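Trainee: Have a look at the structure that comes next, please.
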Amino acid sequence: MTFTQTELDYLAGQPLGRLATAKPDGTLQVSPVGFTYNATLKTIDVHGYNMARSKKYRNVADNGRVAFVVDDLASTNPWRPRCVEIRGRGEVAVDAKGTPIIRIHPQRVIGFGIDQVDTPAHSLQINARDIR
């Protein structure tokens, strides 16, 4: 199982995530990005304007190292943070329309606050798992 159904529902309701890539010199870069879940490949497909000309695209083409997070606050009173973090291998690809994208192949998924909506924030358990 790559994602739980609750995680998929959460991701489908979020328009924005943050993609971390590594520059050739090891410096990290984080960018806000649009994304979709590719159910056929079980990947996260990151898209954006002029993607092939972006530094994040070149970083992924160079070394394939990525981390991606989608998070928000379901409520501030009570405090209700939620997130899905995905660590994995990124590749430069094209979508069905031939548009350049970054495709993330999950290797580790960490969910927090997604499945435990009635649990106090400080009692939430992390759902972390490696993907084979």
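Trainee: Test of understanding: among 69, 109, which residue is of a type outside the set (Lys, Arg) and touching a Cys at 6+ places or on another chain (Cβ under 8 Å)?
Mentor: 69
Trainee: Among the residues of the stretch 2-39 satisfying the criterion of being among the acidic types (Asp, Glu) and free of Cβ contacts under 8 Å to residues at least 24 places away in the same chain, which is surrounded by the fewest Cβ atoms within 10 Å (Cβ to Cβ)?
Mentor: Result: 25.
Trainee: Sticking with this structure for a sec: Of all residues in the stretch 115-130, which are at pLDDT 90 or above and open to solvent by less than 80 Å² (accessible area, probe 1.4 Å)?
Mentor: 127, 128, 129
Trainee: Also: Test residue 52 against the criterion of being at pLDDT below 95, closer than 23 Å to residue 15 by Cβ and hydrophobic (A, V, I, L, M, F, W, C), and give yes or no.
Mentor: Spelling it out, it is not the case that residue 52 is at pLDDT below 95, closer than 23 Å to residue 15 by Cβ and hydrophobic (A, V, I, L, M, F, W, C).
Trainee: Quick test for you: out of 70, 46, 92, pick the one residue that is under 23 Å from residue 3 (Cβ atoms), among the hydrophobic types (A, V, I, L, M, F, W, C) and touching a Gly at 6+ places or on another chain (Cβ under 6 Å).
Mentor: Values: 46 fails: touching a Gly at 6+ places or on another chain (Cβ under 6 Å); 92 fails: touching a Gly at 6+ places or on another chain (Cβ under 6 Å).
Sole residue among the options that is under 23 Å from residue 3 (Cβ atoms), among the hydrophobic types (A, V, I, L, M, F, W, C) and touching a Gly at 6+ places or on another chain (Cβ under 6 Å): 70.
Trainee: Mind checking which residues of the stretch 60-105 are farther than 22 Å from residue 12 by Cβ, among the hydrophobic types (A, V, I, L, M, F, W, C) and modelled with pLDDT of 95 or more?
Mentor: Within the stretch 60-105, 60, 61, 92, 94 meet the criteria.
Trainee: Considering only residues that are of a type in the set (A, V, I, L, M) and open to solvent by less than 70 Å² (accessible area, probe 1.4 Å), which ones fall in the stretch 40-55?
Mentor: 44, 46, 51, 52
Trainee: Residue under question is residue 108, and the condition is that it be of a type in the set (D, E, K, R), closer than 21 Å to residue 3 by Cβ and at pLDDT below 90; does it hold?
Mentor: So residue 108 does not fit the description; no.
Trainee: Shifting gears a bit: So which pairs qualify, if the first residue must be in the stretch 88-101 and open to solvent by 40 Å² or more (accessible area, probe 1.4 Å) and hydrophobic (A, V, I, L, M, F, W, C), the second must be at pLDDT below 95 and in a strand (DSSP E or B), the Cβ gap must be under 9 Å, and the two must be at least 6 apart or on different chains?
Mentor: Taking only residues 6 or more apart or on different chains, not a single pair turns up.
Trainee: Return the only residue of 65, 58 being more than 12 Å from the chain's Cα centre (by Cα), open to solvent by 30 Å² or more (accessible area, probe 1.4 Å) and touching a residue at least 12 places away in the same chain (Cβ under 8 Å). Steps first, answer last, please.
Mentor: Numbers: 58 fails: touching a residue at least 12 places away in the same chain (Cβ under 8 Å).
From the options 65, 58, the qualifying one is 65.
Trainee: Checking the structure you have, find out if any residue of the stretch 46-65 is aromatic (Phe, Trp, Tyr) and in contact with a Leu (Cβ under 8 Å, 6 or more places away or on another chain). Quick ask: steps written out before the conclusion?
Mentor: Filtering the stretch 46-65 for residues aromatic (Phe, Trp, Tyr) gives 49, 57.
Pick out the ones that are also in contact with a Leu (Cβ under 8 Å, 6 or more places away or on another chain) and you get none.
Scanning the stretch 46-65 turns up no residue that is aromatic (Phe, Trp, Tyr) and in contact with a Leu (Cβ under 8 Å, 6 or more places away or on another chain).
The values are calculated or read from the model by the stated rules, or taken from the named source; none is laboratory data. In this text the structure is predicted, and so the values were computed from the model without any measurement. When we count neighbours, we look across all protein chains shown, and the Cβ atoms used for this are built from the backbone with ideal geometry, even at glycine. Protein only, heavy atoms only, side chains kept; ligands, DNA and RNA dropped before computing areas. Shrake-Rupley method; radii C 1.70, N 1.55, O 1.52, S 1.80 Å.
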